[in-house]
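Asks: Here's a structure for you.
Read the figures in this text as sums done on the coordinates, not as results from a lab. Small disclaimer: the values here were computed from a predicted structure and weren't measured. As a convention, Cβ positions derive from the backbone with ideal geometry for all residues, glycine included, and neighbour counts pool all protein chains shown.
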Amino acid sequence: MKHIFTLLITISLTVLGAKAQNVGSVVPDFTLQDTDGENFTLSNNKGKVIFIFLLGYNCHLCINATPTVKSTIINQFNSNNNFLAIEIDAWNGSITQVKNFKTVTGLDIPILQKGSDLVRSWSTFHDRLVVIDSQGIMRYKGTLPVSSTINSAKSVVEELLNNLTTDVFELEQQGGFLYQNFPNPVTGKTNIYFNLESSGQTQLKIYNVAGELINIPVNEYLQTGRHLVTIDGINLKSGVYLYNLESNGKTDTKRMLVK
């Protein structure tokens with residue numbers, strides 16, 4: 001049966017085996033350690049717009065670009081709970097060398113170490129910017145030094161954040177299992193957030209108002225935490241639809257209106 005919903009999903013691949021990452025492609029999951037010894041995993045930050053400054057730990061151009069990154073990006077967006085800025089060292093420097101970059105620049109955002117293999121898999125290098133959207137899709141990859149592309153990256157970040165009309169953390173504070181889709185009514189793409197208190201087999205099903213099953217966007221084992229599914233109802237007839245979530249014996253159903 002032809003699916004009338006398109007699900008944007010993140011496919012986990014090993015970094016070294018992945019094809020070069022280009023704008024519009026799903027970024028394979030990765031884990032790198034920051035200078036505090038904490039692991040950063042891309043998939044754990046699903047739902048956020050991620051701004052990435054690719055640096056060389058002793059790159060003078062990178063060091064000189066940090067005041068602009070701070071004023072144009074960090075100061076503008078860091079208070080937004082749907083935004084995250086990180087740096088990745090593309091030179092595989094020692095922890096002392098990478099920490100020195102942070103000390104010299106005063107740019108107080110996480111720096112991930114040993115990122116050369118990851119950066120190469122993206123077909124880019126140091127002194128470049130990357131923006132990943134809330135579904136894990138690469139939306140921007142600078143082809144020129146940071147000083148020349150910072151405003152372009154800022155425009156992409158602004159657009160992506162504007163499309164996230166509901167604050168994920170506000171939803172979590174409300175408690176609950178399955179949240180109302182947004183935007184609603186649906187005129188194109190819409191987002192469905194849900195929060196799992198424990199890991200388990202999870203199904204998200206879409207029904208029409210007559211109770212007929214339309215699609216199953218999610219049918220897999222998911223980890224504890226929040227999850228985001230983006231569906232595209234552009235080919236769907238106008239009307240009321242139901243979406244039902246089942247996981248670990250819990251179930252909930254909500255309505256969405258397609259115009």
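Asks: Across the chain, where is the longest run that never hits GluC sites (Glu not before Pro) in a DSSP loop with at most 14 other C-beta atoms within 10 Å?
Replies: 39-196
Asks: So, one more: Using alpha-carbon positions, what is the distance between the centroids of the stretch 52-69 and the stretch 183-227, in Å?
Replies: First find each Cα centre; the distance between them is then 40 Å.
Asks: Could you give the length gained by full extension between residue 159 and residue 259, i.e. 0.36 nm per residue of separation minus their alpha carbon distance, to one decimal place?
Replies: 33.7 nm
Asks: How much mean residue ellipticity at 222 nm does the chain get from its helices, if each DSSP H run of length 4 or more adds -39500 (n - 2.57) and you divide by all residues, to the nearest 500 deg cm²/dmol?
Replies: Calculated mean residue ellipticity at 222 nm is -6000 deg cm²/dmol.
Asks: Would you calculate the separation in nanometres between label points at residue 219 and residue 123, each defined as 7 Å from the Cα along the Cα-to-beta-carbon direction?
Replies: 3.4
Asks: Quick check: residue separation of residue 94 and residue 208 times 0.36 nm, minus the Cα distance between them. What number comes out in nm?
Replies: 35.4 nm
Asks: What does a probe at residue 232 reach in the stretch 30-68, counting residues whose amide N is under 18 Å from the point 7 Å along Cα→Cβ?
Replies: Counting backbone N atoms under 18 Å from the label point, the list is empty.
Asks: Find the relative contact order for the stretch 10-163 and round it to a whole percent, using C-alpha pairs within less than 8 Å whose residues are 6+ positions apart.
Replies: Once divided by the residue count of the stretch 10-163, the mean separation gives 32 percent.
Asks: Of all DSSP beta bridges in the chain, what percent run antiparallel (nearest 5)?
Replies: So the antiparallel bridges amount to about 85 percent of the total.
Asks: Also, I was wondering about something else. Compute the length gained on full extension between residue 116 and residue 36: take 0.36 nm times their separation in residues and subtract their Cα-Cα distance, giving the result in nm to one decimal.
Replies: That pair, residue 116 and residue 36, stretches by 26.9 nm at full extension.
Asks: Quick one: compute the contact order of the chain, relative version, from alpha carbon pairs under 8 angstrom and 6+ residues apart, as a percent.
Replies: Relative contact order here is 20 percent.
Asks: Let me know the shape class of the stretch 10-163, please: from the alpha-carbon gyration tensor, a ≥ b ≥ c as square roots of the eigenvalues, rounded when a/c is under 1.5, otherwise prolate if a/b is greater than b/c, or oblate.
Replies: Note, shape of the stretch 10-163 comes out rounded.
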